[in-house]
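One structure is given here, and the rest of the page talks about it.
The values are calculated or read from the model by the stated rules, or taken from the named source; none is laboratory data. It should be emphasised that the depicted structure is a prediction, and the values quoted were computed from it without experimental measurement. FYI the Cβ positions are ideal-geometry reconstructions off the backbone, even for glycines, and counts take in every protein chain you see. When the accessible area is computed, the model is the full protein with side chains, heavy atoms only, and any ligands, DNA or RNA have been set aside. Shrake-Rupley method; radii C 1.70, N 1.55, O 1.52, S 1.80 Å.
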Amino acid sequence: MTDFKTLTSARARKQRNFTEMEDHVIQNETAFYSKAEHYWKEVPPTVDGMLGGYGSISSTDINGSKKFLQKFLGEGKGKTGTGFALDCGAGIGRISKRLLLPLFRTVDLVDVTQDFLDQARMYLGEEGKRVENYFCCGLQDFNPQPERYDIIWIQWVIGHLTDDHLVEFLRRCQSGLRPNGLIVVKDNVAYEGVIPDVVDSSVCRDLNLLRSIVSRAGLEIIYEEQQQNFPEEIYQVHTLALR
């Protein structure tokens, strides 16, 4: 799945502090996940659907991600390999098609919506032959194969996990990395606290909260930057490289 938040929609909702939102999510954990699954089942399996009607930003997004990722790839000490990549919340494979498959030998996709993964098989075209696995699973339940991936790419999906489940998922991702592997999280960030989205059943966290979750998972942010040239009405999008 893929989505991002706009300031317009967020302003219509009451912002809650971290403790209140965490309690709210935990008390309704089953509904939190089931409502999100239902929401995505109703979304058309297109690039525009994946981007909430903002399909026009796809190239800007991919170009920014490519420049970010290429800082870490190559030969030499500490550089990340280009063998295996995992696309988390992959949707129809927009990121796999335009970012990961051009850079990595083999890619796996994981998404909670089977219709999206079915569409991905067609959308990826000839290059899709280098996709080894299509996992239909929510990230709260997904276990990456240990020591398999050079890159685990997680974009516009962490808001669909509770804090504790996100911590646990990041820990499992760390176990799924090969030597010098990298976890990349790219997502919207709130200006302060946690903002719930009752439409797609997700939350948008501020950077400090996201950084604290990364720390709880035992990971370190080795590089961070803000995506540029997105429409003004979209919440800031930050990309974090973790090891």
- Message: Could you list, ordered by first residue, the pairs with Cβ atoms under 7 Å in which the first is in the stretch 163-175 and closer than 18 Å to Gly89 by Cβ and the second is charged (D, E, K, R) and open to solvent by 10 Å² or more (accessible area, probe 1.4 Å), at least 6 apart or interchain?
- Response: Asp163/Glu22; Val167/Arg216
- Query: When you look at Gly53, is it surrounded by fewer than 19 Cβ atoms within 10 Å (Cβ to Cβ) and under 21 Å from Gln227 (Cβ atoms), yes or no?
  - Reply: yes
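Yes/no per residue for (1) over 12 Å from the mean Cα position of the chain (by Cα); (2) surrounded by 16 or more Cβ atoms within 10 Å (Cβ to Cβ):
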site: Phe135; (1), (2): yes, yes
site: Asp141; (1), (2): yes, no
site: Tyr149; (1), (2): yes, yes
site: Ile152; (1), (2): no, yes
site: Ser175; (1), (2): yes, no
site: Asn180; (1), (2): yes, no
site: Val189; (1), (2): yes, yes
site: Pro196; (1), (2): yes, yes
site: Asp200; (1), (2): yes, yes
- Query: Under the condition of being assigned to a helix (DSSP H, G or I) and touching a residue at least 12 places away in the same chain (Cβ under 8 Å), which residue from the stretch 120-142 is farthest from Lys71 (Cα to Cα)?
  - Reply: Arg121
- Query: From the list Leu117, Leu103, Leu99, which one is assigned to a helix (DSSP H, G or I), surrounded by 14 or more Cβ atoms within 10 Å (Cβ to Cβ) and touching a Ser or Thr at 6+ places or on another chain (Cβ under 7 Å)?
  - Reply: Leu99
- In the stretch 61-94, which residues are closer than 19 Å to Val237 by Cα and either open to solvent by less than 10 Å² (accessible area, probe 1.4 Å) or in contact with a Phe, Trp or Tyr (Cβ under 6 Å, 6 or more places away or on another chain) (or both)? Asp61, Ile62, Ser65, Phe68, Leu69, Asp87, Cys88, Gly89, Ala90, Gly91, Arg94
- Would you call Phe104 closer than 22 Å to Ser59 by Cα, touching a Phe, Trp or Tyr at 6+ places or on another chain (Cβ under 9 Å), touching a residue at least 12 places away in the same chain (Cβ under 8 Å) and not acidic (Asp, Glu)? yes
